[in-house]
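Data block below; observations after.
The values are calculated or read from the model by the stated rules, or taken from the named source; none is laboratory data. Since we're looking at a predicted model, the values are computed, not measured. Here Cβ is always computed from backbone atoms with ideal geometry, including for glycine, and neighbour counts include all displayed protein chains.
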Amino acid sequence: MRKNYKWLLGVISASAVLFYTCKSVQKTVTPYPVQRDASGRILVDMHPDPTPKSPIEEMKHIYVPPGYHLQLVASEPMVSQPVAIAWDGDARMYVAELNTYMLDVNGTGERNKICKIKLLEDTNGDGVMDKMTVFADSLMLPRTLQPLDHGRLLVSQTWTNSVYCFQDTNGDGVADKHWLAYENNGNNTNNLEHQKSGLIWNLDNRMYLTYDPVRYTLKGDHVIPDTLVEGSAGQWGLANDDYGRMFYSSAGGEDPAYLYQQNIHYGQFDFGDRYDESFVPVWPIVTTPDVQGGFGRLRLKDSTLNHFTASNGQSIFRGDKLPADMRGDLFICEPVGRLIRRSKVTNTNGKITLKNAYDQSEFLASTDLNFRPVNTITGPDGCMYIVDMYHGIIQESEWTKADSYLRPKIQQKGLQNNIGRGRIFRLVHDDYKLSKEKPHMLEETSAQLVDHLNSQNGWWRDNAQKLLVVRGDKSVVPTLKALAVNGGQLARIHALWTLNGLDAMDAETFATALKDKDAEVRKTTVWIGEDFMKKDSEAINLLAKMSNDPSADVRLQLLLTMRFVNSDKSKDIIAGLIKDYPDDPVLKSSQRTYENKIRARAEQLARQKAMSEQGAKLVAQGAIIFKQLCFTCHGTDAKGIHTGGAALTAPALAGNPDVNAGSPERIIRILLYGLNGPIRGTTYNDAMPALGGNDNNYIASVLSYIRSDFGNKGNIVLPEDVQKVRDATVGRTTSYKMPELEATKPVLRRN
């Protein structure tokens, strides 16, 4: 296998160091011919062939609903292990590749800086990428892509908190210049699966990520961070809709969609019933041997994945070349189940809920064990694109150790042998004819860009707004003001945000937009008010008049806009909203949650003040780590995570006897080496990964925070405590099980 892998890399390197071309024809394949049981459910393939297939053969194994089909846009050797794509204003596609991801069951060589970002082009308009350039190489697992203008591309890499900008200055498709757009040299030692993603340019002209507790604003060649008061959320993937609402997903917490009720800038807030129990099960059409949760995550009848466990790569479809009833739907990838969920998004008086679009079935599913959908996105042509990593192993090495449930399952199927491939598909519909017209936004005038704010395809509107803000060309301000009043609903919204991004909002336009007939336009204007109040002291008086707006969405945004103003007027507005709308569950719950968290933070700070200087510093550092990593599985309140009424995905840490024990030794061992198997009679569906690759201060910090918050009463954990346990366990490579921990002779003697 190693010899074959080297041969493959050699072929790819030789053909794609600078430039790759191929003649290609658009391939359309008849979707998977399903058979159904008496209840109408698609029959499961119980004996799939794990051998990697050609792209065309793979497409024959993918089910999509009648009327839809897939088209191949790119595949190996043009792309290899793709995970994210993004287009510049001329519809050239950037592709991020994780070329070192899980090349064997041990994750050997994962930190080698040999990963690439490629630039793909369709030169003849047939819908197939036929030209490839290596835009940037020698990278460390690039995770995010945000194209700007003039060949500039913002990129985040794994295990760094910094953001880089790469630029092609001579138009040959190769970045010949790069710099730190944002420098943050703080350690980022989280597991590969718990690193940031996203970097999406949202409607409000801020760029958002998962995990990182910041959002960014572009200023020239740099991005300026704005700290999020309660940190960020999510795992792999971040979606936004036409109105700037963002949707997160957490594989670690087995939560397919959360924190979409309000913008995360205003704090983390959710409803427990944001989807019902029927949303949690997934419906693969192939037996699923390689599930981290083991038998607890499999249906006994057919060994299919029974629950979201790797939800990621989500997007809201915002195009115009698929049926209208798809617009606004949330699509969620589940690569372990080899499927993509289609979710209907419902707004009921300001409360957002999700429902599976199908009864015990999925929108897209495959019987090919190597099909690994990891991203979806709306394209320039108005269709939806699917990034298929087409990779044998989808779990990172922390979960494929020698003593894991997964390793033998992977090896039995030979999945470790499938590396170096990847496919990008376009989802199309029989009733729609695709246009061959390509965008040329990078060459267009600002006036021409304004016209695109009227487009029915969200991709065009987003990119036109972004380019106008990046250019900073105020010559179009009069046209934007007119559009903000007279355009269609979405055009008015984008015009308002573009004016705000150009720092060109004026009192007349603001006041007029607050009276707009459309609630979404009024909500947008109230949202913009958070910025506008900083330049116009009278704006808060206009906003106060929105307290009786008939739309629950507008009233909620008014409360959020006032949240950080911290004036007597803003406090009166918030108090009035809560008083006048006592039966509005969104207003009341959002504000109560926020106030409770303020109170909890104040109590934590008071406890830190009573600690020694060292203890307070450890707890403060631990709070950051917990909010960036641990909350994913254990919840922001450390009480665990319930998804759709299901059992906890990981043990609660609040009130946990091991956390509160006089000696921290047991939990030190758990963090150093991991824990799997039943815990006091309860079997959880995920193992605790080892964090021992981090230094002693890291381990001591997060444990000190957990032991001193959430109602816990444990003592501070010191770095020297961690070192003593390390010294006593030198040579250990396997994770613990509870019986062994309980029988282990302690090495720490603390009370």
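Here the condition is being of a type in the set (A, V, I, L, M), at pLDDT 95 or above and more than 28 Å from residue 56 (Cβ to Cβ); of 134, 155, it holds for 155 alone. When residue 426 is tested against the conditions (1) in a loop (DSSP other than H, G, I, E, B); (2) out of contact with any helix residue (DSSP H, G or I) (no Cβ under 9 Å at 6 or more places or on another chain); (3) of a type in the set (Lys, Arg); (4) in contact (Cβ under 8 Å) with a residue 40 or more places away in the chain, the lone failure is (1).
Only one of 186, 237 is modelled with pLDDT of 95 or more and not in a strand (DSSP E or B); which? Steps first, please.
Working: 186 fails: modelled with pLDDT of 95 or more.
The unique qualifying residue is 237.
I'd like to check something: does region 89-109 contain any residue that is closer than 15 Å to residue 158 by Cα and free of Cβ contacts under 8 Å to residues at least 12 places away in the same chain? Yes - at least one qualifying residue is present in region 89-109.
In region 430-480, how many residues are outside any helix (DSSP H, G or I) and among the basic types (Lys, Arg)? Before the answer, list the steps.
Here is the first cut: in region 430-480, the residues outside any helix (DSSP H, G or I) are 430-440, 444-445, 455-457, 472-473.
Narrowing the set further to residues that are among the basic types (Lys, Arg) leaves 433, 436, 438.
Within region 430-480, residues that are outside any helix (DSSP H, G or I) and among the basic types (Lys, Arg) number 3.
Do the conditions hold for residue 199, that is, is it part of a strand (DSSP E or B), crowded, with 21+ Cβ neighbours inside 10 Å, touching a helix residue (DSSP H, G or I) at 6+ places or on another chain (Cβ under 7 Å) and touching a residue at least 40 places away in the same chain (Cβ under 8 Å)? No.
Specify which of the listed residues (315, 303, 311) is in contact with a Pro (Cβ under 9 Å, 6 or more places away or on another chain) and crowded, with 23+ Cβ neighbours inside 10 Å.
Details: 315 fails: in contact with a Pro (Cβ under 9 Å, 6 or more places away or on another chain); 303 fails: crowded, with 23+ Cβ neighbours inside 10 Å.
Testing whether each residue is in contact with a Pro (Cβ under 9 Å, 6 or more places away or on another chain) and crowded, with 23+ Cβ neighbours inside 10 Å leaves just 311.
For (1) of a type outside the set (Asp, Glu); (2) in the same structural domain as residue 704 (by TED's automatic domain parsing); (3) closer than 25 Å to residue 348 by Cα; (4) touching a residue at least 60 places away in the same chain (Cβ under 8 Å), each residue gets a yes or a no:
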position	(1), (2), (3), (4)
577	yes, no, yes, no
580	no, no, yes, no
583	no, no, yes, no
588	yes, no, yes, no
599	yes, no, no, no
602	yes, no, no, no
605	yes, no, no, no
615	yes, yes, no, yes
618	yes, yes, no, yes
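Of everything in region 507-518, what is farther than 14 Å from residue 491 by Cα and in a helix (DSSP H, G or I)? Give them in sequence order. Across region 507-518, the qualifying residues are 507, 508, 509, 510, 511, 512, 514. Checked against the criterion of being part of a loop (DSSP other than H, G, I, E, B) and not aliphatic (A, V, I, L, M), the candidates 313, 296, 328 yield just one match: 328.
If you filter region 434-479 down to residues that are polar (S, T, N, Q) and over 31 Å from the mean Cα position of the chain (by Cα), you find that the one that is surrounded by the most Cβ atoms within 10 Å (Cβ to Cβ) is 446. Of everything in region 411-433 that is within 29 Å of the chain's Cα centre (by Cα) and among the charged types (D, E, K, R), the residue that is nearest to residue 321 (Cα to Cα) is 426.
Confirm whether residue 440 is free of Cβ contacts under 8 Å to residues at least 40 places away in the same chain and of a type outside the set (Lys, Arg). Talk me through it step by step, then tell me what you get.
On the way: free of Cβ contacts under 8 Å to residues at least 40 places away in the same chain: no; of a type outside the set (Lys, Arg): yes.
Judged against the criteria, residue 440 is not a match.
Checking the structure you have, find out if any residue of region 367-375 is in contact with a Ser or Thr (Cβ under 8 Å, 6 or more places away or on another chain), not aliphatic (A, V, I, L, M) and not in a strand (DSSP E or B). Within region 367-375, not a single residue is in contact with a Ser or Thr (Cβ under 8 Å, 6 or more places away or on another chain), not aliphatic (A, V, I, L, M) and not in a strand (DSSP E or B).
Pick from region 209-228 the residues that are in contact with a Gly (Cβ under 6 Å, 6 or more places away or on another chain) and in contact (Cβ under 8 Å) with a residue 40 or more places away in the chain: which of them is surrounded by the fewest Cβ atoms within 10 Å (Cβ to Cβ)? Quick ask: steps written out before the conclusion?
First pass over region 209-228, keeping only residues in contact with a Gly (Cβ under 6 Å, 6 or more places away or on another chain): 209-210, 213.
In the following step, the residues that additionally are in contact (Cβ under 8 Å) with a residue 40 or more places away in the chain were identified as 209, 213.
Numbers: 209: 24, 213: 17.
Checking each candidate, the answer is 213.
What is the residue count in region 57-102 for residues that are assigned to a loop (DSSP other than H, G, I, E, B) and among the polar types (S, T, N, Q)? Total satisfying the criteria: 4.
Of all the residues in region 526-545, those that are surrounded by fewer than 18 Cβ atoms within 10 Å (Cβ to Cβ) and not charged (D, E, K, R) number 3. When region 656-688 is filtered for residues that are part of a loop (DSSP other than H, G, I, E, B) and under 17 Å from residue 722 (Cα atoms), the ones remaining, listed by number, are 661, 662, 663, 664, 674. In region 605-644, of all residues being under 30 Å from the mean Cα position of the chain (by Cα) and among the hydroxyl-bearing types (Ser, Thr, Tyr), the one that is surrounded by the most Cβ atoms within 10 Å (Cβ to Cβ) corresponds to 632.
Where residues in region 103-118 are among the aliphatic types (A, V, I, L, M) and in a loop (DSSP other than H, G, I, E, B), which of them is surrounded by the fewest Cβ atoms within 10 Å (Cβ to Cβ)? Reasoning before the result, please.
Taking region 103-118 as the starting set, the residues that turn out to be among the aliphatic types (A, V, I, L, M) are 103, 105, 114, 117.
Within this subset, residues satisfying the condition of being in a loop (DSSP other than H, G, I, E, B) are 103, 105, 114.
Working: 103: 23, 105: 21, 114: 15.
If we take residues in region 103-118 being among the aliphatic types (A, V, I, L, M) and in a loop (DSSP other than H, G, I, E, B), then 114 is surrounded by the fewest Cβ atoms within 10 Å (Cβ to Cβ).
Selection within region 121-149: residues that are without any contact (Cβ under 8 Å) to a residue 60 or more places away in the chain and part of a strand (DSSP E or B). The member of this set that is nearest to the chain's Cα centre (by Cα) is 142. Restricted to region 687-728, and to residues that are touching a Leu at 6+ places or on another chain (Cβ under 6 Å) and small (Gly, Ala, Ser), which residue is farthest from residue 620 (Cα to Cα)? Among those that are touching a Leu at 6+ places or on another chain (Cβ under 6 Å) and small (Gly, Ala, Ser), it is 692.
Residues are listed down the side, and each one gets a yes or a no for (1) of a type in the set (Lys, Arg); (2) over 20 Å from residue 631 (Cα atoms); (3) assigned by TED's automatic domain parsing to the domain that holds residue 625:
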| residue | (1), (2), (3) |
| --- | --- |
| 710 | no, no, yes |
| 719 | no, yes, yes |
| 728 | no, yes, yes |
| 732 | yes, yes, yes |
| 749 | yes, yes, no |
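Applying the criterion of being closer than 19 Å to residue 589 by Cβ and hydrophobic (A, V, I, L, M, F, W, C) to the residues of region 346-381, the residue that is surrounded by the most Cβ atoms within 10 Å (Cβ to Cβ) is 354. For region 713-731, which residues satisfy the criterion of being in a loop (DSSP other than H, G, I, E, B), surrounded by 13 or more Cβ atoms within 10 Å (Cβ to Cβ) and free of Cβ contacts under 8 Å to residues at least 60 places away in the same chain? Across region 713-731, the qualifying residues are 714, 715.
Applying the set (1) at pLDDT below 95; (2) touching a Cys at 6+ places or on another chain (Cβ under 7 Å) to residue 150 leaves exactly one unmet item: (2).
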